[in-house]
Structures are given as structure tokens and as C-alpha cells.
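The values are calculated or read from the model by the stated rules, or taken from the named source; none is laboratory data. Source: prediction; values computed, not measured. Don't worry about glycine lacking a Cβ; one is built from the backbone with ideal geometry, like all the others, and counts go over all protein chains shown. Ligands, DNA and RNA are stripped out before the accessible areas are found, and what is left, the full protein with its side chains, is counted by its heavy atoms. Shrake-Rupley method; radii C 1.70, N 1.55, O 1.52, S 1.80 Å.
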Amino acid sequence: QDQISKAQQEIEESTVEASAGGGAVTVVISGQPRVVSVKIAPEAVDPEDVEMLEDLIVAALNEALEKVGTMQAERMGSVAGGLEFPGLT
């Protein structure tokens, strides 16, 4: 039980980073998961093509969320000895 609580706390305190468009958009998400930051390179801001920037933000966020899910599954899986937890895979 203590190991599981410790692993959960480590997950919540951890962050993952993901980017899209060759680094044009970078996001950091915590293990809770909560968006910690979004960085947009100035050259990615084109008033004539807002849709592309929106797509890059969505892609970066989705990649980061996948990384959080993988991190949760790996850390909890190693502590729980292979038990499955709903929502962590």
C-alpha cells in the first residue's frame, strides 16, 4: 500500500513534455494530468493560418497525454506487480 501511495505521489509530481511541428509548439503536462505550460514559437504564429497552429497545439497536447498515460501505467505496473488499474492504461 505504501509503495502504491508513493508511486501515485511520484506520478502527480512528475511532468512530461511533448512538441509538434518540429518544436513550433511545446507543452508540459503534469502526471495529475494538468497542463503546466504551452510554448509557441513566434514563427508558428501566422494570422493567415490559425488552423495550423490550432492543429499543432492539439497534436502536442495529445502526445503529452499519451506520455502521461504510459508513465502512469509503467510506474503503477512496476509497483502493483502487473495488476491493472482502470484508467491507467
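Below, the figures for the structure above:
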| quantity | calculated |
| --- | --- |
| Any chance Q72 is open to solvent by less than 30 Å² (accessible area, probe 1.4 Å) and either modelled with pLDDT of 95 or more or not hydroxyl-bearing (S, T, Y) (or both) | yes |
| Of all residues making up the stretch 23-71, the number that are farther than 27 Å from I11 by Cα and out of contact with any helix residue (DSSP H, G or I) (no Cβ under 9 Å at 6 or more places or on another chain) | 10 |
| Tally of residues being within 18 Å of A73 (Cα to Cα), in a helix (DSSP H, G or I) and either among the aromatic types (F, W, Y) or within 10 Å of the chain's Cα centre (by Cα) (or both) across the stretch 5-62 | 1 |
| Search result, residues across the stretch 1-32 that are of a type in the set (D, E, K, R) and under 30 Å from M52 (Cα atoms) | E17 |
| Every residue from the stretch 1-12 that is closer than 21 Å to V68 by Cα and either open to solvent by 30 Å² or more (accessible area, probe 1.4 Å) or of a type outside the set (G, A, S) (or both) | Q3, I4, S5, K6, Q8, Q9, E10, I11, E12 |
| Residue in the stretch 13-28 that is at pLDDT below 90, open to solvent by 70 Å² or more (accessible area, probe 1.4 Å) and at negative phi present | yes |
| Residue selected from the stretch 36-54 under the condition open to solvent by 90 Å² or more (accessible area, probe 1.4 Å) and among the acidic types (D, E), by the criterion nearest to A20 (Cα to Cα) | E54 |
